[in-house]
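We did not get these values from a lab; they are worked out from the coordinates using the rules stated. As the structure is a prediction and not an experimental result, all values here were calculated from the model. When we count neighbours, we look across all protein chains shown, and the Cβ atoms used for this are built from the backbone with ideal geometry, even at glycine.
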Amino acid sequence: MAGRVLQSDLNSLLREAVTMYQSEVVNGRKLYKLFAADFLNSHHHTDRRDAAGLNEHRKNLGILRRILFTRKDLLVRFSEAGTPDDATLKDLLHLYYTTEAPPGQEAGAAVPSTAVQNHSLSLGCCLDDDQLSLIADCANEARVFVEAIDASILRSLLDGKLLVPLRSRNNRMLAYFFDQLCRHGLILPRWQNLLEQAGSILSPKGNRPLRHEQFSNALTHARNTPNSMQKKIQECVQQVQEQLSNDGTASK
């Protein structure tokens, strides 16, 4: 029972932090660094008076402090879905405990509004659900990611709005997959930089997001060692690109 109460206390703090971030920072009412400081300063004390409760509150504030000042990416990412439920907060904490912050994130720096940041991380894909389903099925067959994906997950990934990062199963196949999307004009040429900034794909080993140079090196190796699965990826992406071209012609 006590464990559930303590977890509920942490969830309440996290939920309040996300809600206040949406209200004060996203709406432009307060600088991020001031919001973070004010939030922590207003939660020093707790109604708990037993030693276990006081220690747990101190621990929870430590978690909040590290999320606010070293993992703002999680706060921004999980604020997109409105007020988070307990399952969503569980995902947030799992990422906090098991992943590194995206490269280049500076503690204490101001965070742009959610809409602006998401736009900047989008790979510029404009495919419909049927076309995305074809590509997602191809990615699953090629075992690009550890997880199986569908059109919805792929859209979130390409829009820079993925809540829980995917894990690469094979960096060479992953890089080739995105390279083909780029070569056929389905995503932006800056896909390597954008994926690194979003931190949306983890390396096969460890919990660090893949970096630009890892995508680049893997792509070089993939091009030097072609295989039958790469051929299938190329054919699938070309098919979708031709569908898109035909749809555009038909609408004229």
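Structure notes:
- Rounded D (µm²/s) - segment 159-252, Kirkwood Rh over Cα pairs, Stokes-Einstein at 10 °C, 1.306 mPa s: 112 µm²/s
- For the chain, the relative contact order works out to 18 percent when only alpha carbon pairs closer than 8 Å and six or more residues apart are counted.
- Anisotropy class of segment 145-191 from Cα gyration tensor, a/c 1.5 cut: oblate
- Most mobile listed residue (His184, His43, His212) in the chain, GNM with C-alpha springs under 10 Å: His43
- Dimensionless Rg/Rh of segment 1-93 - Kirkwood Rh, Rg from C-alpha atoms: 0.96
- Within straight-line cross-link reach of Lys33, aspartates and glutamates at Cα separation under 16 Å, skipping those fewer than 8 residues along the same chain: Glu24, Asp73, Glu106
- Dimensions (Å) - segment 123-173, Cα atoms, principal axes, largest first: 26, 22, 16
- The fewest-to-most ranking of Arg211, Arg48 by surrounding Cβ atoms within 10 Å reads Arg48, Arg211.
- Per-residue Cβ neighbour rank within 10 angstrom, fewest leading, Asp47, Asp86: Asp47, Asp86
- Note on segment 140-252: with charges restricted to the Cβ of Lys and Arg (+1) and Asp and Glu (-1), its dipole about the Cα centre is near 340 debye.
- In the set [x] 18.7, 58; [y] 20.8, 72; [z] 21.6, 68, the label that goes with Rg and Dmax of the Cα atoms in Å computed for this structure is [y].
- Among Met173, Met20, the ranking by other beta carbons within 10 Å of each residue's beta carbon, starting with the fewest, stands as Met20, Met173.
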